[in-house]
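Quick note: the coordinates plus some simple rules give every number you see, no bench work behind them. Owing to the predicted nature of the structure, the values given are computational and were not obtained by experimental measurement. Don't worry about glycine lacking a Cβ; one is built from the backbone with ideal geometry, like all the others, and counts go over all protein chains shown.
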Amino acid sequence: MNIKEAKVLITGGSSGLGYETARQLIAKGAKVIISGRNKANLEAAAKEIGAISFVGDVSKEAEVQHMIEFTIKELGGFNVLVNNAAFGYFDQLVNMDTQKVRALFETNVIGAMMVARESAKHFVEKQYGNIVNISSTAGRAGFSGGTAYAASKFALSCMTECWRAELRQFNIRVMQVNPSEVQTQFGPNAGRPPKLFNASKLQSPDIAHTIISMLEMDDRAFITEATVWATNPKD
């Protein structure tokens with residue numbers, strides 16, 4: 001697609017991958033709405049990059065429906081969803097907190113589904129659209145402490161395949177990006193200790209570049225899935 005014609009909704013857009021993707025898209029001429037739960041952070045991010053903000057929680061169905069209605073009205077329709085809102089919770093099986101697992105699935109899985117569902121209704125009507133789900137290499141292989149987060153990303157990968165099978169007939173490209181470790185606040189926000197910046201490891205611009213490159217491919221073709229690793233990470 002021509003990025004100058006892109007009208008984009010990015011969930012989880014106030015920081016990290018979502019913020020950087022929005023920034024790069026806007027720089028290329030796209031119109032972008034970013035959503036998030038923290039009003040102050042979201043509005044500050046939108047002001048910095050020239051995005052439109054929508055305060056909303058993807059785990060709340062009514063807020064998701066309002067988000068899509070707002071996006072359609074504000075942009076005069078839209079043609080790209082970057083399904084990025086998610087958070088992490090990591091612990092050993094014997095310590096798993098049921099409420100934390102439930103909350104994570106409500107955002108990472110059910111929330112992603114609801115945003116995609118409401119977006120797909122509009123895309124089907126227009127006979128065109130793009131859905132980019134941000135998964136993780138954690139959705140490709142389990143690991144110690146990863147019960148909740150890895151399972152949520154395995155689920156997103158499966159949903160991506162289902163939506164792709166359903167929506168291709170309507171000229172809707174459903175794509176997935178699997179970042180490995182990216183240096184954002186994701187880890188500290190999940191309760192992990194912060195790490196010093198490491199120039200050999202992935203950064204948000206690397207993933208934003210991947211997303212935009214996938215979107216820029218001519219509409220007759222699409223990349224179903226892209227996994228991004230650091231070339232030679234040093235501890």
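In this rough spin-label picture, where each label sits 7 Å from Cα along the Cβ direction, the Asp97-Lys195 distance is 2.3 nm. Sorting 40-46, 6-12 by their mean Cβ neighbour count within 10 Å, with the most densely packed peptide first, gives 6-12, 40-46. Between the Cα long axis of helix 39-49 and the first principal axis of the chain there is an angle of about 60°, rounded to the nearest 10.
Between the Cα long axis of helix 61-75 and the first principal axis of the chain there is an angle of about 40°, rounded to the nearest 10. The distance between label points at Glu106 and Lys126 comes to 3.1 nm (points 7 Å beyond Cα on the Cα→Cβ vector). For Lys73, the lysines whose Cα comes closer than 21 Å to its Cα, not counting residues fewer than 8 places off in the same chain, are Lys4, Lys7, Lys31, Lys39, Lys47, Lys60, Lys121, Lys126.
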